[in-house]
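Just below is one structure, and these are the notes that go with it.
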Amino acid sequence: MGLFDRRLLIVGGKGGTGKSSVAAAIAALSAFRNARTLLVAADGSPGAAGMFGPAPSSDALEVRPNLHVLQIDSQAALSEFVKLQLGPLGSVAGPVAGAFSFVADAAPGVSELLLVGKYAHEARSGDWDMVVVDAAASGHLLGELAAPGNVAEIAPIGRIANETGWMIELLGDPEITGVVNVTLAEEVPVAETLEFVDRLHTSTPARLAAVVVNRTRPQLYARSRRSELAELLTDRPKRLTKGANGLLDAVQIGLDRADVASEVDRRLRTDLPPGTEVLHLPEFGAGVDLQGEIREAIADELSL
Amino acid sequence: MNARSSSASRLGLGPIAEGRSLLVVAGAGGVGKTTVSAALGMVAADRLDGEVLVLTIDPARRLASALGMEIDGNDAVRVPHPTGGRLSAAMLDPGRAWDALVRQEAPDATTADRIIANPVYRRIADTFVHGNDYAALSWLEEAIASDRYRLIIVDTPPSQNALDFFDAPQRVEEFFSSSLLNWLTGGQSGSIVGAAATRTFGSLADRLLGSQFFSDIVEFFTLMQTVVPGMVERTSAVAADLAGDDAALLAVSAPSVASIERVGALVEELDERGLTLDGVVVNGVEPPEFWDPGVADAAERVTSGERSHFSQSNTALLTPGAEYVLERCGVAAAQAEAIAQLEGFATLTIPRTVHSPSNVTGLAELGEGLW
């Protein structure tokens, strides 16, 4: 099952990992491969959807050939839903709609459900070959993906509950929906990714499709040169200047960091569910054609 | 103490903790706020007479294990301290904190049981807006009232806005005392217009959410009316303490322009409330090696091959490493520029370590430089 064979990719990750850039690049790559693509910002800010120039709004906007962007927030999704349900009554029932919004907002899980429902709806509408979501940070995302199940449990009857069935089915079908977690090759982010995946699979119907290890770097030294270098670093030439000694210390730090990166990468490969795609992206400098470069790097990693 | 002095000064927890009993640590997610709070706790317990408490909410399991804590439980547990300092840590489980609160404030056990059994309530602690902030405040109230701690360090819950924490009591009060809810729960049923609107509302809610859900909601809000005034009173006092002279406020930031700009925004919001930031901890800066011009110079000599300090073969061997070092020196320079934006604030930088601290010794080492 290839990443791009799915129809809904939900991209999450903790702050500081470059989640939005990765979501934007995945969407750009999808569009580039001639799939009609919708990129949805669902994190309360324009995020990925704002990276193509025009500010996204609640109406899909074409920003590149095949690529549309949309920003949704739970408040807007809620009023849209209420308006839809009230039909022609909507225009006269302002205060009632207001009161309902208030209660639905207070009712646990309902606003999350409508947010998920909005992008799940786009994925099943048939308008798009691919929907990519720049989702909330890990903790919130788990709450959102669990919302259809939670609401179905506490409000088993009613129109909202009726809507939960197809959502759970769509989110839970690994051939349609995949969660992408963006992380870094460092100890804490990787530990948090593994924790996230564990909770994703125990508390939500959605399944992990891929982990993107962002800002990785190639090994500084080939294995064959490591022992030679280690010798230089420990058995140092005499009468080195302070700066030259400091350089050797700094190189040692670089080697240690590279070791940590390979170690956590090994952990990811052994501890993630089998079949999870693990992509490595390099660090990209600012000011370049960022999405273009990340897009190509993702395509390379997936051998597309 | 006002951190805004004429030039940047070095921040130390020592002077800040002098005469303070509360330390609030704020910052966006992913900047290492919980690690910094734990490290501050380690050093404070070493230097202060009296017990220190670190209160944290749902941290990564990794940190809990670094502190030698069980993941489960709201009770403060003693942390094994390398120098015998008296340090306790508590990891808040918001769900259980809410239960405790309801039991304390409910008029009788039956009401408390009914609230806790209500399916709407069962979900609310996790998803209720600012529920975590609120649960933390109520827990804190007890810790302060116990008079047991010389210093309480509060690792604020991750949130879009660091100051939500201070507003939690007010928001809970507004939420439960809203006129809309009064109206929903029959508070204004005397009015004919109100009754008609309630009926329309009720039938709409029935259609959308199901009648069982609607009546659960009504029951929940009705029962909560008996509990909320007491809850709000207790936590408002704590929120006032947190903003008072006994409390210090630290921000934790990553060494990036974006993260430091968020600190700037926080300062403005604090200003509006008449609060001041006591200092900024910039976590994860490149270590001193990458700030040293002598190191950059030596690296440049290696990569250019001109007047290198090393033999020809060693120069060739070191070239990839030196390229890496030059790149990180560039990163360090960018970090220095970002940190310069904090001029006027007491600042402290914590270098990025190869391994993140994974036990009390690591946290103690990290804390050492913070006093």
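Each label point is 7 Å from the Cα along the Cα-to-Cβ direction; what then is the distance between the points at A:Ala222 and B:Ala240, in nm?
7.2 nm
Where in region A:44-62 does the label zone of A:Trp166 land, with the point 7 angstrom along Cα→C-beta and an amide N cut-off under 20 Å?
A:60
Give the relative contact order (percent, whole number) for chain A; include only Cα pairs under 8 Å separated by 6+ residues.
23 percent
Which lysines does A:Lys118 reach when only Cα atoms under 16 Å apart count, and residues fewer than 8 places away in its own chain are ignored?
Within the straight-line limit of under 16 Å, A:Lys118 reaches these lysines: A:Lys83.
So how exposed is B:Arg10, as accessible area in Å² (1.4 Å probe, rounded to 10)?
150 Å²
Could you tell me how many cubic angstrom of Cα convex hull volume region B:219-371 has per residue?
So the per-residue hull volume is 204 Å³.
Accessible area of region B:78-125 with a 1.4 Å probe: how many percent of it is carbon plus sulfur?
Answer for region B:78-125 is 50 percent, counting heavy atoms of protein chains only.
Write down the radius of gyration of region A:16-84 and its Dmax, each obtained from C-alpha positions, in Å.
Cα only, region A:16-84: 12.5, 37 Å (Rg, Dmax).
Mind listing P(r) for chain A? All alpha-carbon pairs, 10 Å bins, whole percents.
6, 25, 30, 19, 11, 6, 3, 1, 0
Using the Kirkwood radius over C-alpha pairs as Rh, can you work out the diffusion coefficient of region A:181-304 via Stokes-Einstein at 4 °C, viscosity 1.567 mPa s, in µm² per second?
Value of D from the Cα-based Kirkwood radius: 76 µm²/s.
May I ask you to find the residues of region A:168-190 that are shielded by at least 50 Å² of accessible area once the whole protein assembly is considered instead of their isolated chain (probe 1.4 Å)?
A:Glu187
Modelling each spin label as a point 7 Å along the Cα-to-Cβ direction, I'd like the B:Arg10/B:Val331 distance in nm, to one decimal.
Distance between the two pseudo-spin positions: 2.5 nm.
Carbon-plus-sulfur fraction of the accessible area of chain A, 1.4 Å probe, in percent?
Ligands and nucleic acids excluded, carbon and sulfur reach 50 percent.
For A:Thr276, what charge total do you get from the other residues with a beta carbon under 12 Å from its beta carbon, if Lys and Arg give +1 and Asp and Glu give -1?
Working: positive: A:Arg207, A:Arg269; negative: A:Asp271, A:Glu277.
Charge balance near A:Thr276 sits at 0.
Output the residues of region B:304-318 meeting this criterion: accessible area (heavy atoms, 1.4 Å probe) in the chain alone minus accessible area with all protein chains in place is 30 Å² or greater.
B:His309, B:Phe310, B:Asn314, B:Leu317, B:Leu318
Give, as a single signed number, the net charge of other residues whose beta carbon lies under 11 Å from the beta carbon of A:Asp43, with Lys and Arg counted +1 and Asp and Glu -1.
Summing Lys and Arg as +1 and Asp and Glu as -1 gives -2.
Only protein chains counted, 1.4 angstrom probe. Which residues of region A:6-38 are at least 10 Å² less accessible in the assembly than when their chain is isolated?
Checking the loss per residue gives A:Lys14, A:Gly15.
FRET efficiency for A:Asp265 and B:Glu268, Cβ-Cβ distance as r, R0 = 45 Å, nearest 0.05?
My answer for the efficiency is 0.65.
Enter the buried accessible area of the A/B pair, total of both sides, probe 1.4 Å, in Å² rounded to the nearest 100.
By this definition, chains A and B bury close to 5000 Å².
Any chance you could give the angle, 0 to 90 degrees and rounded to 10, that helix A:138-154 forms with the longest Cα principal axis of chain A?
30 degrees
The values are calculated or read from the model by the stated rules, or taken from the named source; none is laboratory data. In this text the structure is predicted, and so the values were computed from the model without any measurement. Counting neighbours? That spans all protein chains shown, and the Cβs are built from the backbone with ideal geometry, glycine included. Note: accessible area is taken over every heavy atom of the protein model, side chains too, but ligands, DNA and RNA are not part of it. Shrake-Rupley method; radii C 1.70, N 1.55, O 1.52, S 1.80 Å.
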